[in-house]
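Take a look at the structure set out below.
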Ligand code: ADP
């Protein structure tokens, strides 16, 4: 029996002047899994993410999270439910250190006023929690480094730490490995695996070997529609998927 879907879409569709960028997509992301959304350029992956986080409003269809209809919710309300997209917070402040950035994200979650800078005990509490998050993403040695001076891969890891500070139950990762060299790819893949231990992850990613090794389930989009769905073995053996990539 299939596990319950934590995030689901039914017939999700958006039209731009008659062009359906996402066309009747029904997606079931099961709780606790890593689910990848892949497909050739222009397939509708980013538009789909924008619909899920409500940066776009669907022309038709519904989105549910934990059984609750979230189709007409605002982005901030969805974030409060625990669905957080990594780039929403990729506003990492370059002039602040890694530790300060995570501390600011923690403060935003709690909604404390910025007076916490003046409260020694509150500051110590945030620092403890922020250090824990930096350690979780392998950035302990960079806590005093300004975010703007971090190497690219480390900066992406800091984005993950600031996302985790919001305590999401579901993370939407938009091309988490984009622009990374081998070493950073391996490190980020390991981080995603670790982060997924107690969260659900939906990611758009082009690196198919990492998608293959990380994902429990993969949905292939092409021309706005679901072309195939299953584990990597299933979808990589699907002639339509191969053709979509070759032709894409
Ligand atoms: P992917 O992320 O899979 O590369 P996108 O979701 O970015 O694909 O785009 C899917 C299709 O929708 C593309 O053909 C793109 O040109 C089109 N599209 C996306 N956003 C808009 C928009 N705001 N207006 C018109 N067309 C759009």
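The values are calculated or read from the model by the stated rules, or taken from the named source; none is laboratory data. It should be emphasised that the depicted structure is a prediction, and the values quoted were computed from it without experimental measurement. Glycine gets a Cβ as well: all are built from the backbone with ideal geometry, and neighbour counts include every protein chain shown.
For the stretch 1-54, a residue qualifies if it is within 10 Å of the ligand (Cβ to nearest atom), touching a residue at least 12 places away in the same chain (Cβ under 8 Å) and assigned to a helix (DSSP H, G or I), and the qualifying residues are 45, 46, 47, 48, 49, 51. Is it the case, given these coordinates, that residue 237 is modelled with pLDDT under 95, closer than 25 Å to residue 16 by Cα and out of contact with any helix residue (DSSP H, G or I) (no Cβ under 9 Å at 6 or more places or on another chain)? Considered against the rule, which asks whether it is modelled with pLDDT under 95, closer than 25 Å to residue 16 by Cα and out of contact with any helix residue (DSSP H, G or I) (no Cβ under 9 Å at 6 or more places or on another chain), residue 237 comes out as no. Touching a strand residue (DSSP E or B) at 6+ places or on another chain (Cβ under 6 Å) and either away from the ligand (no atom under 16 Å from the Cβ) or over 19 Å from residue 152 (Cβ atoms) (or both): does that describe residue 70? It is true that residue 70 is touching a strand residue (DSSP E or B) at 6+ places or on another chain (Cβ under 6 Å) and either away from the ligand (no atom under 16 Å from the Cβ) or over 19 Å from residue 152 (Cβ atoms) (or both).
For residue 79, the conditions (1) over 30 Å from residue 143 (Cα atoms); (2) away from the ligand (no atom under 16 Å from the Cβ); (3) in contact with a helix residue (DSSP H, G or I) (Cβ under 8 Å, 6 or more places away or on another chain) are fulfilled apart from (1). Based on what the data block shows, is residue 157 modelled with pLDDT of 90 or more, in contact with a helix residue (DSSP H, G or I) (Cβ under 8 Å, 6 or more places away or on another chain), surrounded by 21 or more Cβ atoms within 10 Å (Cβ to Cβ) and within 12 Å of residue 97 (Cα to Cα)? Answer is no for this residue. Condition check: more than 16 Å from the ligand (Cβ to nearest atom), over 22 Å from residue 228 (Cα atoms) and not in a strand (DSSP E or B). Does residue 57 satisfy that? Against the criterion (more than 16 Å from the ligand (Cβ to nearest atom), over 22 Å from residue 228 (Cα atoms) and not in a strand (DSSP E or B)), residue 57 does not qualify.
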